Amino acid sequence: MFFAKDFIETAEGLIFAVVAQGLENGKVLCFLRYVHEPSGWKKVATAPANHLLQQRHPDYLYYSPVLDAHLHAVAVDRIVQHHRPQHRLQQLIQAIRHDIARDGVYAENLPGAGSAAVERDLFDLCRLFERQGLDPAQLGITGSLLVGVQNHSSDIDLVCYGRPVFHQCRAITGKLIESGQLQTLNEQDWQLSYERRSCALSFDDYVWHERRKCNKAMINGRKFDLNFIDHKAGAEAVNYRKNGTITLQCRVSDDTFAFDYPAEFKIDHERIGSIVSFTATYTGQAVRGETVEVSGVLEQSEQGLQRIVVGSSREAHGEYIKVIQCLS
């Protein structure tokens, strides 16, 4: 089974990030993230990735009739390695524990360079969670650490499998920040995060929304993020067709799936049933009872169901969800 946040590798030296659970027409839906060059693995942004595939591997370009979107896709028989976040995290934890058993000591916050420093910070974070009653076996690691291309400045992208585990991680993160064992992002950290997102919100609005989610913090001066994956069988796919852009204000009636991929917010509206976000920026953006302003693409299913999609493109330029009336 393939899940979002997994990575898949092909014989041509391409690593793709999986973006959806399961298969569509026998293919894994994904985006190209790393290309192997003589100097090693190189991370690629969306535009260069699309250009490279157009020039060299057009068979990996794909139109999804289910998502009504252009992205990348790889047939299962073209995959030479499936990088699984849970398996990789256990490998890293066991390797460090082996080092501790061999040396008889583990130095907290030991300075280091390159990937070793990132791995130590990851181990420290998992130990903190474990001491709060969380089983690290329910977690995984994605991003650069998943495929072993991390460097001294890499972030830590944890994956939480199961809704209870994810919300437990969020609660523990808030508790550890209060106790001083973890730190909140400083102004520079937030600025870097904001610039990477390239979102349609102002900097102040972005930070206000992000602070209350408790899904990112700092460990030993390194940023980490919590990502939720529902590892249960997915619902039957429903085909949607785009029907123009829309901006409206509405009340969120159900936030149960606010941190899913895609994130979903049920809304009180006479025609439109929900807001769906395919971009991580707006995951967990609002809670039940709050009023939001949303700008995105109106979509309609064959059965007449309507929804607003934020993240109709990877960067989601001009698309957003913003709380305009909060509960507190």
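Throughout, read-outs are computed from the coordinates displayed, never taken from laboratory work. What you are looking at is a predicted structure, and each value in this text was computed from that prediction instead of being measured. Reconstructed Cβ throughout: ideal geometry from the backbone, glycine too, with neighbour counts over all protein chains shown.
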Charge dipole (the chain, unit charges on Cβ, about Cα centre) - positive-most of ALA116, ILE321, ILE267 = ALA116
inquiry  = Suppose the chain between HIS51 and ARG97 were pulled fully straight at 0.36 nm per residue; how much longer would it get relative to their current alpha carbon spacing?
reply    = 12.3 nm
request  = Apply the Debye scattering formula to segment 61-210, with a single equal point scatterer on each alpha-carbon and no solvent, then give log10 I(q)/I(0) at q = 0.08, 0.14, 0.17 Å⁻¹.
outcome  = -0.31, -0.92, -1.23
ask   = If you place +1 on the Cβ of every Lys and Arg, -1 on the Cβ of every Asp and Glu, and leave all else neutral, what size is the dipole of the chain about its Cα centre, to the nearest 20 Debye?
value = 220
message = So, R0 is 22 Å and r is the distance between the beta-carbons of HIS36 and ASP59; what FRET efficiency does that work out to, to 0.05?
response = 0.75
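Checking the table LYS43/LYS223; LYS223/LYS266; LYS242/LYS322; LYS232/LYS322; LYS43/LYS322 against a 28 Å threshold on Cα-Cα, which pairs fail?
LYS223/LYS266; LYS232/LYS322; LYS43/LYS322
Per Stokes-Einstein, at 25 °C and 0.890 mPa s, what whole-number D in µm² s⁻¹ belongs to the chain, with the Kirkwood radius over Cα pairs as the hydrodynamic radius?
117
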request  = Name the residue farthest towards the positive end of the dipole of segment 125-191 from the options LEU145, ALA171, GLY133, assuming +1 on Cβ of Lys and Arg, -1 on Cβ of Asp and Glu, about the Cα centre.
outcome  = GLY133
key: Size of charge dipole - segment 7-83 - debye, nearest 20, with Cβ of Lys, Arg +1 and Asp, Glu -1, no other charges   = 200
inquiry  = Sort 47-60, 117-130, 20-33 by the packing proxy (mean of other Cβ within 10 Å over each peptide's residues), most packed first.
reply    = 117-130, 20-33, 47-60
request  = Give me the distance in nm between label points sitting 7 Å out from Cα along the Cα-to-Cβ direction at ILE324 and THR256, one decimal.
outcome  = 2.8
request  = Report, in deg cm²/dmol and to the nearest 500, the calculated mean residue ellipticity at 222 nm for the chain, where each DSSP H run with n ≥ 4 adds -39500 (n - 2.57) and the sum is divided by the residue count.
outcome  = -8500 deg cm²/dmol
key: Rounded to the nearest 20 debye, dipole of segment 184-328 from Cβ charges on Lys, Arg, Asp, Glu   = 200
inquiry  = Connecting C-alpha atoms closer than 10 Å in a GNM of the chain, tell me which of GLN132, GLN188, GLN150 has the biggest fluctuation.
reply    = GLN188
note = Per the C-alpha gyration tensor (a ≥ b ≥ c, the square roots of its eigenvalues), segment 240-325 is rounded if a/c is under 1.5, else prolate if a/b beats b/c, else oblate; here it's rounded
